[in-house]
Amino acid sequence: MSTSPEMSLPEFQRQQLAFTAHIRDPENNPVPDGIPARRMGIYTELFFNNIDDQLSTNFPILRQISSDEQWYAMVRDFMIRHRAETPLFTEVGQEFLEYLRQERKPHANDWPFMLELAHYEYVELAVYISEEDDELADIDPNGDLLEGRPAVAATAWNLSYQWPVHHIGPDHLPDEQPNEPTHLVVYRDRLDEVHFLEINAVTQRLLQLLKENPKLSGLDVLKTIAEELAHPDVDTVIKAGKDILDDLRQRNVILGSRA
């Protein structure tokens, strides 16, 4: 007669597994032996409320547009299905994103933009708490962005979504995906406040090339874009591109040029 792997564990570990199984899914796992139901109920409610509070803080718009029934069911499903790889509460948002991507089964009442909205809300928090400060000693904040090599801030995330996630809220719930994607930069200014900037596909490509090719000058990157666009007037692209680079520097998306 075979036994489950749990039965070969020491008694205290079996008790721990029973304890956590009930906390994750109290409807389908009995109260562990030896623990009063009332006391267990306090633990179960405490864990659920802590995770609910954290997710509600990390994803405020998703919480607002979800009914209590939908939201609490999703929090419970997250607790049942997902196995977090970090004990840090600041990383719960990333764990929840992984659950939405990999583990959540589609529900009829899920918003079609739910994953993209959750990712956008996560990015806002990630940019705010990021400790990826750039080494400013090697960057001239007033350097030439055409002849020099523009340095994109590590805390600036350029993103593309199929849905206009930055406009979604209780008063704007689109049900049809737009024909064109939404391009955004989420960034932190010099006062450590987080902002978003809606950009076009060309600016999105500019930032992508600058991040992927830190050894290229701004002029080199703009010439590459002109070539990709098959634009008949390269000088026009360079002039417009310089204005964009200057604007991004003012916003702290670009920190200056590398020495």
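Each value in this text was obtained by applying a stated rule to the coordinates, not by laboratory testing. Given the structure is predicted, the values throughout are model-derived calculations rather than measurements. So basically every Cβ, Gly included, is an ideal-geometry build from the backbone, and we count neighbours across all protein chains shown.
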Quiz item: How much length, in nm to one decimal, is gained on full extension between E212 and D53, taken as 0.36 nm per residue of separation minus their Cα-Cα distance?
Solution: 53.5 nm
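Please state, rounded to one decimal and in Å, the Kirkwood hydrodynamic radius that region 212-259 gives when every pair of distinct Cα atoms enters the mean of 1/r.
Details: mean 1/r = 0.0878 Å⁻¹.
About 11.4 Å for region 212-259.
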Quiz prompt | Mean separation of Cα contacts under 8 Å (6+ apart) over length of the chain, as relative contact order % | solution = 18
Self-check item: Inter-site label distance for A108 and L229 at 7 Å from Cα along Cβ, in nm
Solution: 4.8
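Stretch E27-K239 to full length: gain in nm at 0.36 nm per residue minus the Cα-Cα span? Working shown, then result.
Numbers: separation 212, 0.36 × 212 = 76.32 nm, distance 6.41 nm.
Result: 69.9 nm gained on full extension.
How much length would be gained if the chain were fully extended between R101 and D220, taking 0.36 nm per residue of separation minus their Cα-Cα distance, in nm to one decimal? Could you put the intermediate results ahead of the total?
On the way: separation 119, 0.36 × 119 = 42.84 nm, distance 3.72 nm.
Residue separation times 0.36 nm, minus the Cα-Cα distance, leaves 39.1 nm.
How big is D for the chain, in µm² s⁻¹ as a whole number, if Stokes-Einstein is applied with the Kirkwood radius of its Cα pairs at 10 °C and 1.306 mPa s? Walk me through the numbers before you get to the answer.
Working: Rh = 21.7 Å.
The calculation lands on 73 µm²/s.
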Quiz item: Expressed as a whole percent, how much of the Cα-Cα distance distribution for region 53-201 exceeds 25 Å?
Solution: 38
Quiz prompt | Structure-based [θ]222 nm, the chain - -39500 (n - 2.57) summed over DSSP H runs of at least 4, per residue, nearest 500 | solution = -14500 deg cm²/dmol
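Within the chain, which DSSP H helices have Cα atoms that stretch 18 Å or more along the helix axis and a mean Kyte-Doolittle hydropathy of at least -1.0? Intermediate results must be reported in sequence, preceding the final value.
Details: long enough: 11-24 (20 Å, -0.67); 37-58 (31 Å, -0.52); 68-81 (19 Å, -0.58); 114-129 (23 Å, 0.76); 234-250 (24 Å, -0.24).
Correct list, ordered by number: 11-24, 37-58, 68-81, 114-129, 234-250.
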Quiz prompt | Overall Cα dimensions of region 150-241, principal axis frame, Å, largest first | solution = 44, 34, 20
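As an exercise, use a Förster radius of 41 Å and the Cβ-Cβ distance of R38 and Y128 to find the FRET efficiency, rounded to the nearest 0.05.
Working: r = 40 Å, r/R0 = 0.97.
With a Förster radius of 41 Å, E is 0.55.
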